[in-house]
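A quick write-up on the structure given underneath.
None of the figures in this text is laboratory data; all of them are computed from the coordinates on show. Small disclaimer: the values here were computed from a predicted structure and weren't measured. Quick reminder, even Gly has a Cβ in these numbers, built from the backbone with ideal geometry, and neighbours come from all protein chains shown.
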Amino acid sequence: MGHRRRRCKRRLLRVARYLFRWFTGTLVEDSVVEDGELSTVCYRPEGLDQLLQQTKFTRRELQILYRGFKNECPSGVVDEETFKLIYSQFFPQGDSSTYAHFLFEAFDTHKNGTVSFEDFVTGLSIILRGSVTEKLNWAFNLYDLNKDGFITKEEMTDIMSSIYDMMGTCTYPCMQNDAPKEHVDNFFQKMDKNKDGVVTIEEFLESCQKDENIMQSMHLFDNVI
Amino acid sequence: MATGVAAWLPFARAAAIGWMPVASAPMPTPPPDNRRKQDGLILLNVSGQKFQTWRNTLERYPDTLLGSTEREFFFHEETNEYFFDRDPDIFRHILNFYRTGKLHYPRQECISAYDEELAFFGIIPEIIGDCCYEEYKDRRRENQERIQDDEDSENQNDMVPPDMTFRETMWRAFENPHTSTMALVFYYVTGFFIAVSVMANVVETVPCGTLPNRVKQVSCGERYALAFFCLDTACVMIFTVEYLLRLMAAPSRWNFIKSVMSVIDVVAIMPYYIGLVMTDNEDVSGAFVTLRVFRVFRIFKFSRHSAGLRILGYTLKSCASELGFLLFSLTMAIIIFATVMFYAEKGSSASKFTSIPAAFWYTIVTMTTLGYGDMVPKTIVGKIVGSVCSLSGVLVIALPVPVIVSNFSRIYHQSQRADKRRAQKASKAAGQALVCKANPMFDTHHNHLLHCLEKTTNHEFVDEQTFETSLLEVSMAKHPHLSPSLSSGSSSQGLSCCSRRNKRKSFNVPNSNMTGGHRNSIQELSTIHIRERPITNSRSSLNAKFEETVPLNCKQPYITAAVITLPMPPVTTPEDDGSASSPDYSQANIVRVSAL
């Protein structure tokens, strides 16, 4: 009996409080949060000399790279959303967000969710100025989504689908749903020497070095900067 | 694309290395990179204030003064700088445009000075960023209106051109009474008679004492019927003459008849004539009395004389939806309270609330806080309801009014702005398209990148229309007897700018140079290929001829600004041997027109 009375009283109190507040007006409190949360994150890269030692770019190239980087990302770091946005501007017809995500993972070597200028420049140095083995290593690292040293069929399928996604729907010939899968099967046939269902770095390097086209295409973008 | 994005193109291209190992086809050769020249600083001296920027920054917009060779005309050898004798404050904004790609309008600058500077430096105002565009357009419009007003008032003060016809003179006199003395006299006389007529209508209903052989009071109108009739006749004659003169002088009679003022005029004078025509029949005299009510419309004739009245009328017209909402909410409240009141007062004896519509009157009087007191609730419940009614009446009436007022001004400006923006959007898009010709080098590299992606996936980019037609053709291919007519039928349609891949395949057969490898080298992404007349005699087939003469009647949605890139002279590097596309580049003579 006392239980029920207590609960009733509590409810009555709540109603009374509500009515009181309604009469006196809670409109006084402005529930607008002050949006003064400045993003004061500002990241500065290491010195130019250190970067010169770590990468294979010349001083001039580093300057040009940093100027472009700083212009677009004044805070000094790129987060994944901005990365995806920038990358999507180059592929307006398709959906490049998945591939951009994989790229982001590949560049973000420190795994902290942002790509700083050092990460950026280190990655670019390998891609543009590294030896063919280093480049192939980087590509392998890109494909190996969980970074365990093996490329499984699922990982490859993910990568392949993301590349095909970038094409969009309006293609010639029409994009079939199993086009990535076919491509992955071809890839595995070529790369997987011991047919164990995964591609290791050694198999990858070996197969790529045998393929003329791939070797040539590795040098395609060398003078991009 | 934004200039900032162009800075990321090298990165995007480098990232394409991720596609290389999975690609099964060889990649196309990259376009030669001939921007190896050193990027240097340029010194710009604008009236003594020095600005410096990279040369590449200025060359982002090659069709402005600073980005093209036109700036060489301003090069000053003695000081090895570019000297401009212009306003440095405004120049700051112009230079920022090169740096950031966005043009801003500084609010404190004079609009004409700003426009002059933009025109001097070859920058189209339409590319002003969204943040400043409205302000810019508003200021510009004000300026135009000011100039227009000045011109108009000048025109008015000018001597009348002597070769105006009498009709035009009359119309001008009617519309602008200040132009001549006669017009002014006419204006005041008509105003006086409108006032007289309205006063007469009012006075003739005043009780004027009794007639000698009657008991009850008669109105002045009945007592001095003849006098009032003469007065009415005089006024109506003047109004008729005025209306006919206006009708005669109007440049467009039909437009004049349709206008509001002329309708008011007609309504004001018709009752008199109808009264003349009708006999003193008892049946129609009732209707005749009703018609006399319309004489009060003569007061609206004053709106020709008063600009304020016109503005009020326009205000009400544009505020109609707000007023409608007020009316609707009031009606809702009235119905609710009248119903409650009726049922509350149903019990009491001799209640005046005989029905719900009868209670409407009480509710309206209470809600507008008039409180005549002719209907009063007697029960307690009724009184409680009545008090709630009057309290809520204050709220319901007082609240929307300021909201309506502020809404009105806000919506009025907003709708003007929305209309303006819609009109501006078209011109803005056109202007932006003209200006945003990014450097062609960017487009070449971008196209090459997309081409690599095509090669990787063994698919090609096509535009939507071609994609849909190819789908159509796939379905049509199942009915082979229809396909020839389709191909001829569709090819006889006006082709849009975007090329038709499928047709090209059949055309390739006579042109023996282009084989299967050819189709891989043509990119589809928003480019069309206008093939020049091949030097070989390819006129053998009708198809090829048709292709050469394909008309560029682009339908509206496909018109974009374009960058025309001619093929580079073939660069024979060792890598060319591997790719099958390079011979096609040199042999194809394809002029690529890339849309932006």
Original post:
Where does each of B:Asp63, A:Asp165, B:Asp265 land when they are ranked from fewest to most other beta-carbon atoms within 10 angstrom?
Top reply: B:Asp63, A:Asp165, B:Asp265
Original post:
Can you give the charge dipole size of the stretch A:152-219 about its Cα centre, rounded to the nearest 20 debye, using +1 on the beta carbon of Lys and Arg and -1 on the beta carbon of Asp and Glu?
Top reply: 160
Subject >> Given charges at beta-carbon only (K, R positive; D, E negative), |dipole| of chain A in Debye >> reply: 2200
Original post:
What pairs from A:Lys153/A:Lys190; A:Lys70/B:Lys428; A:Lys84/A:Lys153; A:Lys210/B:Lys455; A:Lys111/A:Lys153 go past 18 Å between their alpha carbons?
Top reply: A:Lys70/B:Lys428; A:Lys84/A:Lys153; A:Lys210/B:Lys455; A:Lys111/A:Lys153
**OP:** Identify, among A:Met156, A:Phe102, A:Thr133, the residue whose Cα sits farthest towards the positive end of the charge dipole of the stretch A:94-192, taking +1 on the Cβ of Lys and Arg and -1 on the Cβ of Asp and Glu, with the dipole about the Cα centre.
**Re:** A:Thr133
**OP:** Rank these for me by crowding, B:Lys50, B:Lys378, going from fewest to most other beta carbons within 10 Å.
**Re:** B:Lys50, B:Lys378
Original post:
Where in the stretch A:114-163 are there trypsin sites (Lys or Arg not before Pro) that are in a DSSP coil and have at most 12 other Cβ atoms within 10 angstrom of their Cβ?
Top reply: A:Lys147
Subject >> In Hz, Karplus ³J(HN,Hα) per residue of the stretch A:178-195 (6.51, -1.76, 1.60; θ = phi - 60°; x = Gly, Pro) >> reply: 9, 4, x, 4, 4, 4, 5, 4, 4, 4, 5, 4, 6, 8, 7, 6, 9, 6
Subject >> B:Met270/B:Trp361 FRET efficiency (R0 30 Å; Cβ-Cβ; nearest 0.05) >> reply: 0.30
Original post:
Hey, got the dipole for the stretch B:49-145? About the Cα centre, +1 on K and R Cβ, -1 on D and E Cβ, debye to the nearest 20?
Top reply: 400
**OP:** Note down the relative contact order for chain A as a percent, whole number, built from C-alpha pairs under 8 angstrom at least six residues apart.
**Re:** 17
**OP:** Output the relative contact order of the stretch A:128-202, whole-number percent, from Cα pairs under 8 angstrom with separation of 6+ residues.
**Re:** 36
**OP:** Using the charge dipole of the stretch B:249-389 (Lys, Arg: +1 at Cβ; Asp, Glu: -1 at Cβ; taken about the Cα centre), state which of B:Gly324, B:Ser355, B:Leu370 has its Cα farthest towards the positive end.
**Re:** B:Gly324
Subject >> Separation in nanometres of the label points that stand 7 Å from Cα toward Cβ, at B:Ser349 and B:Asn143 >> reply: 8.4
Original post:
Around B:Leu43, which amide H atoms from residues at least 5 apart in sequence, or from another chain, sit under 5 Å from its own amide H, with H modelled in the peptide plane?
Top reply: B:Tyr82
Original post:
If you plug each phi of the stretch B:49-63 into the Karplus form 6.51 cos²θ - 1.76 cosθ + 1.60 with θ = phi - 60°, what whole-Hz ³J(HN,Hα) values come out, in order, with x for Gly and Pro?
Top reply: 8, 9, 10, 10, 7, 6, 5, 4, 4, 5, 7, 5, 10, x, 9
Subject >> Neighbour-limited loop hits for trypsin sites (Lys or Arg not before Pro), the stretch A:181-225 (at most 14 other Cβ within 10 Å; DSSP other than H, G, I, E, B) >> reply: A:Lys193, A:Lys195
**OP:** Pull out a ≥ b ≥ c, the square roots of the eigenvalues of the alpha-carbon gyration tensor of the stretch A:46-168, then state rounded if a/c is under 1.5, prolate if not and a/b is larger than b/c, and oblate in the remaining case.
**Re:** oblate
**OP:** Putting +1 on Lys and Arg Cβ atoms and -1 on Asp and Glu Cβ atoms, find which of B:Ile94, B:Gln148, B:Phe73 reaches farthest to the positive end of the dipole of the stretch B:52-192.
**Re:** B:Ile94
Original post:
What residues qualify as long-range amide H neighbours of B:Thr29, i.e. H under 5 Å apart, gap of 5 or more or another chain, H built at 1.01 Å from N?
Top reply: none
Original post:
Can you give the calculated 222 nm mean residue ellipticity of chain A, where each DSSP H run of n ≥ 4 adds -39,500 (n - 2.57) and the sum is split over every residue, rounded to the nearest 500 deg cm²/dmol?
Top reply: -18500 deg cm²/dmol
Subject >> Phi-based couplings in Hz for the stretch B:217-229 (Karplus 6.51, -1.76, 1.60; Gly and Pro marked x) >> reply: 5, 10, 7, 4, x, 6, 6, 10, 4, 5, 4, 5, 5
**OP:** Would you work out the relative contact order for the stretch B:55-118, in percent, from Cα pairs under 8 angstrom that are 6 or more residues apart?
**Re:** 24
**OP:** Taking the Cβ of each residue in B:Arg107, B:Arg141 as the centre, tally the other Cβ atoms inside 10 Å and list the residues starting with the fewest.
**Re:** B:Arg107, B:Arg141
**OP:** Among the GluC sites (Glu not before Pro) in the stretch B:33-140, which ones are in a DSSP loop with at most 13 other Cβ atoms within 10 Å of the Cβ? Mind listing them?
**Re:** B:Glu77, B:Glu78
